[in-house]
Structures are given as structure tokens and as C-alpha cells.
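Since the structure comes first, as C-alpha cells, the remarks are kept for the end.
The values are calculated or read from the model by the stated rules, or taken from the named source; none is laboratory data. Since this is a predicted model, take the numbers as computed values, not measurements. Ideal geometry is used to build each Cβ from the backbone, glycine not excepted, and the neighbour counts take in all protein chains shown. Side chains are part of the model used for accessible areas, which takes the heavy atoms of the whole protein and leaves out ligands, DNA and RNA. Shrake-Rupley method; radii C 1.70, N 1.55, O 1.52, S 1.80 Å.
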Amino acid sequence: MFIYPHINPVAFSLGSLQVHWYGLMYLIGFVSAWLLAHWRMKHYHLNWTSEQISDLIFYAALGVIIGGRVGYMLFYNFPTLIHAPWSLFKIWEGGMSFHGGLLGVLVALWMFALRYKKPFWEVGDFIAPLVPIGLGAGRIGNFINGELWGRVTDVPWAMIYPHVDEQPRHPSELYEFGLEGIGLFILVWWYARRPRPAGCVSAVFLLGYAICRLIAECFRQPDQQLGYIAFGLLTMGQILSIPMLLLGFWLWWAKR
């Protein structure tokens with residue numbers, strides 16, 4: 001059994017400006033995506049330019065931030081959004097949703113595809129293998145912040161979060177780091193190493209993430225303000241992952 005190692009969420013300060021670890025994790029995700037995109041472009045001789053890659057990462061970053069925040073308020077904090085709509089802009093208070101970010105990125109990719117006259121699924125297949133590293137970095141950020149802890153358990157590697165209670169819990173942030181970050185990266189990167197029908201790499205990403213999230217949520221404590229949403233069993237994260245799973249199956253079947 002382990003004790004959660006309290007980590008200062010502020011990585012460093014520049015005068016009155018505080019730089020948080022969680023923000024740095026976003027930066028790591030975007031920079032790693034930029035580097036991996038250039039590697040894929042050169043290694044596989046893809047019809048992309050450095051300018052297009054930079055613009056693609058910029059579009060995707062806007063989609064992640066805007067969509068992630070809007071998605072969090074809609075899916076996880078809707079009453080607050082209704083009674084205090086301005087809270088949507090209080091990003092410093094925290095609160096981001098992957099599924100909202102995904103929707104934001106899809107819109108951003110559609111706009112990018114229109115601008116550069118590229119097929120939408122070509123853009124999606126290009127960026128899909130770049131995403132998991134950022135997801136894994138985000139889960140490390142969650143762990144540093146001491147949030148999204150797991151359910152009570154008696155496994156030998158259980159962790160006590162003193163700021164929560166004295167009960168041993170699953171370190172679910174680390175599970176998600178392993179599943180959504182490392183595992184999903186290996187799966188999608190491996191699958192994308194060979195030419196595939198347009199849309200298939202995107203489908204594998206959707207399928208892979210949905211399965212990883214459905215599994216990880218079995219160990220993660222449901223959001224306090226929501227609890228279990230359906231059948232006294234399913235969490236919001238699982239419910240939002242089911243459409244991803246169905247879309248991934250349909251897309252892979254239709255495009256393969």
C-alpha cells in the first residue's frame with residue numbers, strides 16, 4: 001500500500017505568473033504531436049508539409065481547449081452552466097472533458113480539411129496516432145493534481161489519498177496513463193505503420209480509446225456531483241464512450 005505523494009501543482013513561477021504541471025502536460029502533448037507528425041511525414045513520405053502540420057496542431061489545440069471546456073460544463077457541470085453561464089470561461093478553476101475535446105477536434109479537423117482541400121479521413125488518420133501521448137501526459141497531470149482518484153480496494157498497490165480520506169484506493173489516473181497513453185499509442189501507431197483504407201486508423205483510435213475508457217472507469221471513483229448515471233453501474237465517462245465504440249465499429253466496417 002502506498003501514500004499519495006503530495007506534489008505541488010505549480011511547477012514554477014515567473015514573477016506573479018504560476019505555471020502549473022497540468023498546463024505543462026498539455027504543452028508536452030502538443031509538442032510531441034508536432035514532432036511525431038514530422039517523423040511520420042518524412043518516414044512514410046506522406047503528402048504533408050511542415051506548414052500544414054503546424055497549422056493542424058494549432059487547429060487541434062483550439063479544438064481540445066474549447067471543446068474540452070464546453071464538454072466538461074455540458075456533461076459534468078450542467079447546472080452550474082445554466083445558473084452561471086460565465087463559469088464556462090473560468091478555465092483556471094479546472095474542468096476539461098476528453099469527449100468534449102474530441103468533438104472540438106473533429107470540428108477543427110473539418111475546418112482544416114476544408115482550408116487545405118484534404119479528405120477529412122486522411123486528416124483524421126494522420127493525427128490519430130499522435131494523440132495518445134498527449135492523453136497519457138494529461139493523466140500524469142491528473143495524478144499530480146491528486147484528482148480523479150479510484151474506488152476503494154484492497155489490492156497490494158492501493159494508494160491512500162490523504163486529501164480525500166484514509167481508505168486505500170485504485171490509483172486510477174495511472175491505470176488510465178497506461179491504457180489511454182501507452183497502450184493506445186502502441187496500438188494505433190502499430191496499426192498506422194502500413195497503408196490502410198481512409199478512415200480505418202481513425203476507427204481503431206475510436207475503438208481503442210472507448211475500450212480503454214470503459215475498462216478504466218470500472219476502477220475510477222464516479223464524479224461526486226454525478227455518481228452513477230445508468231443502472232446504478234455506468235458512469236458518465238462510460239456512457240460517453242459507448243457512442244465512440246459504436247462509431248468506431250461502424251467506421252472500421254464501412255471503410256475496411
Going by the conditions given, is GLU173 open to solvent by less than 10 Å² (accessible area, probe 1.4 Å), part of a helix (DSSP H, G or I), more than 30 Å from HIS45 (Cα to Cα) and charged (D, E, K, R)?
yes
Taking region 237-255 and keeping residues free of Cβ contacts under 8 Å to residues at least 60 places away in the same chain and open to solvent by 70 Å² or more (accessible area, probe 1.4 Å) leaves PRO243, LEU246, LEU247, PHE249, TRP250, TRP252, TRP253
Picked from region 89-105 (must be touching a Phe, Trp or Tyr at 6+ places or on another chain (Cβ under 9 Å) and farther than 17 Å from GLU180 by Cβ), the residue surrounded by the fewest Cβ atoms within 10 Å (Cβ to Cβ) is GLY94
Confirm whether ASN77 is within 30 Å of LEU174 (Cβ to Cβ) and open to solvent by 30 Å² or more (accessible area, probe 1.4 Å).
yes
Tell me, please, whether a residue that is outside any helix (DSSP H, G or I), within 19 Å of GLY68 (Cα to Cα) and open to solvent by 10 Å² or more (accessible area, probe 1.4 Å) can be found in region 150-169.
no
Restricted to region 41-56 and to residues being buried (at least 20 other Cβ atoms within 10 Å of the Cβ) and part of a helix (DSSP H, G or I), the residue nearest to the chain's Cα centre (by Cα) is LEU56
Determine whether region 148-162 contains at least one residue that is farther than 18 Å from VAL105 by Cα, out of contact with any Pro (no Cβ under 7 Å at 6 or more places or on another chain) and among the charged types (D, E, K, R).
yes
Can you work out which of the residues in region 221-236 that are in contact (Cβ under 8 Å) with a residue 40 or more places away in the chain and either assigned to a loop (DSSP other than H, G, I, E, B) or not aliphatic (A, V, I, L, M) (or both) is least open to solvent (accessible area, probe 1.4 Å)?
ASP223
